[in-house]
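Working notes, structure below.
The values are calculated or read from the model by the stated rules, or taken from the named source; none is laboratory data. Only a predicted model underlies this, so the values are computations on that prediction, with no experimental measurement involved. Neighbour counts are summed over all protein chains in view; Cβ atoms, including those assigned to glycine, are modelled from backbone coordinates with ideal geometry. Heavy atoms of the whole protein, side chains included, go into the accessibility calculation; ligands, DNA and RNA do not. Shrake-Rupley method; radii C 1.70, N 1.55, O 1.52, S 1.80 Å.
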Amino acid sequence: MTNNRVIVGDESQLDRDEFTVERCNWIPFATPPESIRALVKIRYNHPGTLAIITPEANGSAHIKLDVPQRAVTPGQASVFYDDDVVIGGGWIAR
């Protein structure tokens, strides 16, 4: 059964400093390092923010942003950069 819901809250509840990315692709790595410091974009026009990326064995990664970002949205692509070089990415899960 589908439940349509509207959730009302304070604007600050849209801010997130951590999330999970699934189905990661790692461009320069056969096996990614334990953690990576990189610029992370959470959608196409996002300017990016620095973060620590921790790859997981199941193909996902935990992202810890330096600065909380608004509306980190499941289903959006997240792309990881070293300067202007793409080093990986995946799909925002939660």
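Of all residues in the stretch 71-82 being without any contact (Cβ under 8 Å) to a residue 40 or more places away in the chain and either open to solvent by 80 Å² or more (accessible area, probe 1.4 Å) or part of a loop (DSSP other than H, G, I, E, B) (or both), which is farthest from THR31 (Cα to Cα)? Spell out the reasoning first.
Narrowing the stretch 71-82 to residues without any contact (Cβ under 8 Å) to a residue 40 or more places away in the chain: 73-77, 79.
So of that shortlist, the ones also either open to solvent by 80 Å² or more (accessible area, probe 1.4 Å) or part of a loop (DSSP other than H, G, I, E, B) (or both) come out as 73-76.
On the way: THR73: 27, PRO74: 25, GLY75: 24, GLN76: 24 Å.
Step by step, filter the stretch 71-82, then rank; the result is THR73.
Just for the stretch 8-50: of the residues that are of a type in the set (A, V, I, L, M, F, W, C) and loosely packed, with under 10 Cβ neighbours inside 10 Å, which one is farthest from the chain's Cα centre (by Cα)? Outline the logic, then answer.
Of all residues in the stretch 8-50, those of a type in the set (A, V, I, L, M, F, W, C) come to 8, 14, 19, 21, 24, 26-27, 29-30, 36, 38-40, 42, 50.
Within this subset, residues satisfying the condition of being loosely packed, with under 10 Cβ neighbours inside 10 Å are 8, 30.
Numbers: VAL8: 24, ALA30: 20 Å.
Among those that are of a type in the set (A, V, I, L, M, F, W, C) and loosely packed, with under 10 Cβ neighbours inside 10 Å, it is VAL8.
What about PRO68, is it assigned to a loop (DSSP other than H, G, I, E, B) and either under 24 Å from ASP83 (Cβ atoms) or at pLDDT 95 or above (or both)? Here the answer is no, as PRO68 does not meet what is asked. Tell me yes or no: at least one residue of the stretch 25-38 is free of Cβ contacts under 8 Å to residues at least 24 places away in the same chain and assigned to a strand (DSSP E or B). Within the stretch 25-38, one or more residues are free of Cβ contacts under 8 Å to residues at least 24 places away in the same chain and assigned to a strand (DSSP E or B). Within the stretch 47-69, residues that are at positive phi have Cβ atoms under 6 Å from residues that are surrounded by 13 or more Cβ atoms within 10 Å (Cβ to Cβ) in these pairs: GLY48/LEU39; GLY48/LYS41; GLY59/CYS24, counting only partners at least 6 apart in sequence or on another chain.
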